[in-house]
1. Report, by residue number, each residue of segment 337-370 that is surrounded by fewer than 18 Cβ atoms within 10 Å (Cβ to Cβ), out of contact with any helix residue (DSSP H, G or I) (no Cβ under 7 Å at 6 or more places or on another chain) and not hydrophobic (A, V, I, L, M, F, W, C).
2. All but one of (1) assigned to a helix (DSSP H, G or I); (2) in contact with an Asp or Glu (Cβ under 9 Å, 6 or more places away or on another chain); (3) at positive phi hold for Gly252; which doesn't?
3. Select from segment 390-410 the residues that are in contact with a helix residue (DSSP H, G or I) (Cβ under 6 Å, 6 or more places away or on another chain) and either modelled with pLDDT under 95 or assigned to a strand (DSSP E or B) (or both) and list them in ascending order.
4. Across segment 1-26, what is the number of residues that are more than 16 Å from Thr187 (Cα to Cα), assigned to a strand (DSSP E or B) and charged (D, E, K, R)?
5. Here is a list: Thr430, Thr434. Which entry is β-branched (Val, Ile, Thr), closer than 30 Å to Gly233 by Cβ, assigned to a loop (DSSP other than H, G, I, E, B) and modelled with pLDDT of 95 or more?
6. Which condition does Gly90 not pass, out of (1) on the phi > 0 side of the Ramachandran plot; (2) touching a helix residue (DSSP H, G or I) at 6+ places or on another chain (Cβ under 6 Å), if it passes all the others?
Amino acid sequence: MILTQPYINGKWITTGKTFKSLNPATGEVFLEIQEVNGNHVEEAFLAASKAFESWRETTIDERIELLSRVKGVLLKNSEEVAKVIAQEQGKPLAEAFTVEVFPSIDALDFYINRGRVYLEDFKIKYWQALFRDKKGYYTFEPLGVMAVISPWNYPFIIPFLDVVASVFVGNTVVLKPSSTTPAIGLTIANLFHEAGAPAGLLNVLTGRASIGEMIIKHPQTRGILFTGSVETGKRVMALASEGIKKVILELGGKDPAIVLPDVNLERAIRGIAWGAFMNAGQTCASIERVYVHEDIYDIFLDGVVEFTKGLKVGNPMEFDTSIGPMTTSGQRMLVEAHLEDAREKGAQIVYGGERVGEKGFFLQPTILTNVNHEMLAMRDETFGPLLPIMKFKEIDESVKLANDSKYGLTASIWTRNESLAREIARKIETGTVTINDHVFSFGEPEGAWGGVKYSGIGRTHGRFGLLELTNIKFVSEDFNSRDSQLWWYPYEKEVFDISRVAVRAMYGSGKIKYLLKLLPYFGRLKKTTSLWNLIKNWKRFF
C-alpha cells in the first residue's frame with residue numbers, strides 16, 4: 001500500500017521531481033514522493049471534468065456498487081493502511097486502525113445502506129394558499145469537480161470521508177494530501193484504483209502549498225473541502241472568492257471540557273485523558289481546556305496525573321504504545337512555546353513537559369494547573385499533548401469560560417445530571433457537544449461535523465454534510481389549463497383590490513368579512529385561481 005506517485009486519470013505518474021516524507025518516530029526520511037507541477041494540475045482537472053460528465057448521470061445504485069468495491073478493498077488491506085498511517089504520521093498502530101481505518105469502513109457502510117434516502121427528491125406542500133394547485137420538490141444534484149485539501153493530523157480518514165461523500169453525490173474529486181503525509185493520501189487513490197473506479201473520478205496530486213493554491217483557483221473547481229489552520233483557511237476563502245466557489249472549512253478548535261461535581265470520576269479521568277492526548281493531542285477536537293468544579297478539583301487532578309503517568313510514549317508500531325511522536329518538529333516547538341508562555345505567566349507543570357528520546361519528535365503528555373485565559377495554552381490552539389486544568393465555582397462561570405474563545409468546534413460536559421447537561425449543552429457555542437465522552441462523534445457517520453466562529457463554516461458527514469456537496473434545486477410544476485395567473489399582467493385596479501382584500505382575509509382579523517368582499521371578483525378569481533383548491537385548504541385562512 002506504500003505508493004510514491006501521484007494519480008491522474010486512472011494512472012500513476014512519474015514527474016521527475018521529488019520531495020521527502022519523514023518518519024516522525026525517527027526524524028529520518030520515510031519516502032521520496034513524486035512532486036507534481038502546474039501541467040499535472042491541468043491534466044487532473046481535464047480528467048476530473050471529463051469524468052464528471054458521465055459520473056453525474058450514474059444512478060445511486062451504480063455509485064453504491066463502486067463504494068461497495070472500495071469497502072471490500074479497504075477491508076482486505078486495512079492492517080496495511082494502518083501501518084502506513086503509523087509510520088508516516090506517527091499515531092500508534094492500534095490508534096491508527098481504531099480512529100482512522102475502522103470509522104472509514106463504517107462510513108462506507110453508512111452510505112451504502114442509508115445514504116440514498118438523503119438524496120431522494122423531497123416533496124413540499126406549498127404554504128401560500130394561492131399556490132396550492134402547484135407541485136413542488138427539492139432535488140439534490142452534484143456540483144462538479146470538488147477540491148479536497150487535507151491535513152496531516154488525520155491524513156487518511158478526513159480526506160477519505162470527503163472523497164467518499166463527494167463521489168456518492170455524483171461529484172468528481174481532485175485531492176491534495178498534506179505534503180507532510182503524502183503517501184497516506186496516495187493509499188486512498190489506490191483503494192479506488194483497485195476497486196475499478198472510472199478514470200478521472202479521483203485524482204491525487206502530491207506537492208507543496210503552491211499546488212493547493214492552483215487547485216483552489218482553478219476555474220473548474222466548483223467546491224473546496226479544506227481542513228487546516230485558521231490562517232490557511234482565510235487564504236482558501238480569499239482564493240475561492242475570485243471564482244465564487246463553495247467553501248467548506250474546518251479550522252480547528254480550543255475545545256473545552258466541563259466537569260461537574262456529580263460526575264462518574266473514573267470515567268471522566270479516563271475519557272478526558274484520552275480526549276486530550278490521543279494522537280499526541282494533534283486533533284482539532286482535542287480537549288485543550290478543562291474546567292473542574294472546585295468540590296472535586298483536587299481528586300480529579302490527582303486522578304488524571306496518576307492515570308497519565310501510566311501512558312507509554314514510544315514507537316507507534318508497538319501495540320502497547322499509547323502516545324506516539326508528534327508529526328512534525330515544528331508542531332512540537334509550537335507546543336513547547338505555549339508551555340513556556342504558560343510557565344512565564346504563572347502556570348505550574350504538575351506532570352510532563354519534557355522531550356522523550358534523542359530521535360523523532362516525541363513529547364511527554366503534560367498537565368498544567370494555575371492557568372488563566374491570558375495564556376496561549378488557554379487561548380490559542382495548541383495542537384499537542386498539553387492539558388491545562390482550571391477550577392470553577394458556579395455553573396454559569398464554567399459556561400462563560402467555555403465560550404470565552406474565538407473557536408467553536410466541540411465541547412464536552414461530564415455529569416450524571418441529564419437535565420443539567422442538556423441545559424449547559426444549549427448554552428455552549430460549538431458545532432458539537434458531547435456528554436460524558438469527547439472526540440468520538442467524528443467517527444459517527446450520522447453526526448454532522450463542523451464548527452462556528454473561527455472553527456470554520458459548513459458541515460461534513462451525515463445528511464447535512466451530503467447536502468453541502470450538492471446543488472439544492474427547487475422545482476415547481478404547474479400543469480393546470482388556466483391561461484393566466486392572478487398576479488400576472490395586465491396590472492389593473494381590480495388586481496390591486498383583490499390583493500388588498502385577500503391579504504386581510506388570509507392574515508388579518510375579521511377574515512369572514514373580507515372573504516365576502518372577494519365575491520364581486522369571483523369571475524377573475526375563477527379564471528386565474530383554483531377556487532376548489534382554496535376551499536379544500538380553508539384551514540389555511542383560519
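The values are calculated or read from the model by the stated rules, or taken from the named source; none is laboratory data. All values derive from a computational prediction rather than experimental measurement. Using ideal geometry, Cβ is built from the backbone for each residue, glycine included, and neighbour counts are taken over all protein chains shown.
1. Within segment 337-370, Glu340, Arg343, Glu344, Lys345, Gly346, Gln348, Glu354, Arg355, Gly357, Glu358, Lys359, Asn370 meet the criteria.
2. (1)
3. Matches in segment 390-410: Lys391, Phe392.
4. Number of matching residues: 1.
5. Being β-branched (Val, Ile, Thr), closer than 30 Å to Gly233 by Cβ, assigned to a loop (DSSP other than H, G, I, E, B) and modelled with pLDDT of 95 or more holds for just one of Thr430, Thr434, which is Thr430.
6. Unmet condition: (2).
Quick grid of which residues meet (1) crowded, with 17+ Cβ neighbours inside 10 Å; (2) touching a residue at least 24 places away in the same chain (Cβ under 8 Å); (3) under 25 Å from the mean Cα position of the chain (by Cα):
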position	(1), (2), (3)
Gln5	yes, yes, no
Arg56	no, yes, yes
Ile60	no, yes, yes
Lys71	yes, yes, yes
Glu88	yes, yes, yes
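Table: residues versus (1) in the same structural domain as Leu363 (by TED's automatic domain parsing); (2) within 24 Å of Gly353 (Cα to Cα); (3) out of contact with any helix residue (DSSP H, G or I) (no Cβ under 7 Å at 6 or more places or on another chain); (4) surrounded by fewer than 20 Cβ atoms within 10 Å (Cβ to Cβ).
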| site | (1), (2), (3), (4) |
| --- | --- |
| Ala240 | no, no, no, no |
| Met278 | yes, yes, no, no |
| Gly281 | yes, yes, yes, no |
| Glu294 | yes, no, yes, yes |
| Asp302 | yes, yes, yes, yes |
| Thr308 | yes, yes, no, no |
